[in-house]
């Protein structure tokens, strides 16, 4: 993990030739791919968004298209990665809904412990509720993003945020309750 922090620092300060960005991609690729496969596991066979494409798109949004973007820490980078994957999935859901007439008219009961990406209306509802949570409690929103869209366990998130596991659990309970009220 120290290598990641060092490379992020190089990217933010002096990576004109892109060497640090390339090295970082090699280090984080397997983790990003694991997260993308996990997130896309519920998709229907033959879905157009594949894990490799999700990883590549997310990484380009993080580093390739934003050379001036600064990451304060390794945690900030992984939060940004989860956020990038979230936006890619939301954009995909919006495209699906644009192809269906009246898709938003039907309201469905949402189960917050299991969100299927192949139900775009559900994903868009979660997206809007998550934005509302971010305005009120940004750290809780980051926790949700890492858990839902990044595939991290609460124990991993607690370590990443440098908080206790009970604190992560309390934030999770709060975030779920808040999201349920929004949905």
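Before moving on, here are some points about what is shown:
- Residues in the stretch 5-14 that are within 22 Å of the chain's Cα centre (by Cα) and either surrounded by fewer than 18 Cβ atoms within 10 Å (Cβ to Cβ) or at pLDDT 80 or above (or both): 5, 7, 9, 12.
- Among (1) out of contact with any helix residue (DSSP H, G or I) (no Cβ under 6 Å at 6 or more places or on another chain); (2) part of a helix (DSSP H, G or I); (3) modelled with pLDDT under 75; (4) farther than 26 Å from residue 154 by Cβ, the one test that residue 45 misses: (2)
- Pairs linking a residue in the stretch 114-129 that is at positive phi and crowded, with 20+ Cβ neighbours inside 10 Å to a residue that is assigned to a helix (DSSP H, G or I) and modelled with pLDDT under 75, with Cβ atoms under 8 Å and 6 or more positions apart or on different chains, do not occur.
- When residue 140 is tested against (1) assigned to a helix (DSSP H, G or I); (2) modelled with pLDDT under 70; (3) crowded, with 21+ Cβ neighbours inside 10 Å, only condition (2) is not met.
- Residue in the stretch 15-34 that is modelled with pLDDT under 80, in contact with a helix residue (DSSP H, G or I) (Cβ under 9 Å, 6 or more places away or on another chain), under 26 Å from residue 129 (Cβ atoms) and crowded, with 19+ Cβ neighbours inside 10 Å present: no
- Residue in the stretch 99-115 that is assigned to a helix (DSSP H, G or I) and either under 13 Å from the mean Cα position of the chain (by Cα) or at pLDDT 65 or above (or both) present: no
- For the residues 179, 154, the requirement of being farther than 16 Å from residue 79 by Cα and surrounded by 14 or more Cβ atoms within 10 Å (Cβ to Cβ) singles out 179.
- Among (1) over 19 Å from the mean Cα position of the chain (by Cα); (2) at pLDDT below 75; (3) not in a loop (DSSP other than H, G, I, E, B) - the single one residue 170 does not satisfy: (2)
The values are calculated or read from the model by the stated rules, or taken from the named source; none is laboratory data. All figures in this text were calculated on a predicted structure; none of them were measured in a lab. So basically every Cβ, Gly included, is an ideal-geometry build from the backbone, and we count neighbours across all protein chains shown.
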